[in-house]
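Asks: Encoded as structure tokens, here's the structure I'll be asking about.
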Amino acid sequence: MKTVTLQIPDYLDIDEKDISLMLAIQLYDKGKLSLGQAADLVGLTKREFMDKLGKFEVSLFGETLEDIERDLLNE
């Protein structure tokens with residue numbers, strides 16, 4: 001496993017857990033990690049990670065709200 005060191009300015013008020021969560025969500029959203037892998041990366045259960053996805057407006061199903069709306073309009 002790789003270790004990454006990143007200097008974050010204090011004014012951003014982001015802790016290591018938040019950064020790890022944001023990274024895991026992005027990797028999941030881009031298809032680089034499965035749901036279980038992303039949850040493990042940040043020490044959450046799959047259910048807890050699924051809840052976090054919603055808070056960051058990332059679809060569990062890989063589709064954005066716009067994608068779904070477009071599909072509905074094209075029916």
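Here, each number is a calculation from the coordinates, and none is a lab measurement. These numbers were taken from a predicted model, which means no experiment stands behind them. Glycine gets a Cβ as well: all are built from the backbone with ideal geometry, and neighbour counts include every protein chain shown.
Asks: By how many nm would the segment from GLU16 to LEU44 lengthen if fully extended, with 0.36 nm per residue of separation less the alpha-carbon distance?
Replies: Numbers: separation 28, 0.36 × 28 = 10.08 nm, distance 1.45 nm.
Full extension of this stretch gives 8.6 nm more.
Asks: How big is the charge dipole of the chain about its Cα centre, in debye rounded to the nearest 20, if each Lys and Arg gets +1 on its Cβ and each Asp and Glu gets -1 on its Cβ? Could you put the intermediate results ahead of the total?
Replies: Details: 9 positive and 16 negative charges, 91 e Å.
The calculation lands at about 440 debye.
Asks: Which far-off residues, 5 or more places away or on another chain, put their amide H under 5 Å from the one on SER59, with H placed in the peptide plane?
Replies: Amide H to amide H, under 5 Å and 5 or more residues apart or across chains, SER59 pairs with nothing.
Asks: Mean shadow of region 15-73, computed from the convex hull of its alpha carbons, in nm²? Could you put the intermediate results ahead of the total?
Replies: Details: hull surface 16.0 nm².
Result: a mean projected hull area of 4.0 nm².
Asks: How do PHE56, PHE61 line up, fewest other C-beta atoms within 10 Å first? Present the calculation step by step, with values, prior to reporting the outcome.
Replies: On the way: PHE56 12, PHE61 7.
With the fewest neighbours first, PHE56, PHE61 line up as PHE61, PHE56.
Asks: By average Cβ neighbour count within 10 Å, what is the ranking of 30-39, 10-19 from highest down?
Replies: Details: 30-39: 14.1, 10-19: 9.9.
Most protected by this proxy first, the peptides run 30-39, 10-19.
Asks: Residue farthest toward the positive end of the dipole of the chain, with Cβ of Lys/Arg at +1 and Asp/Glu at -1: which of LEU27, TYR11, LEU53?
Replies: The one lying farthest along the dipole's positive direction is LEU27.
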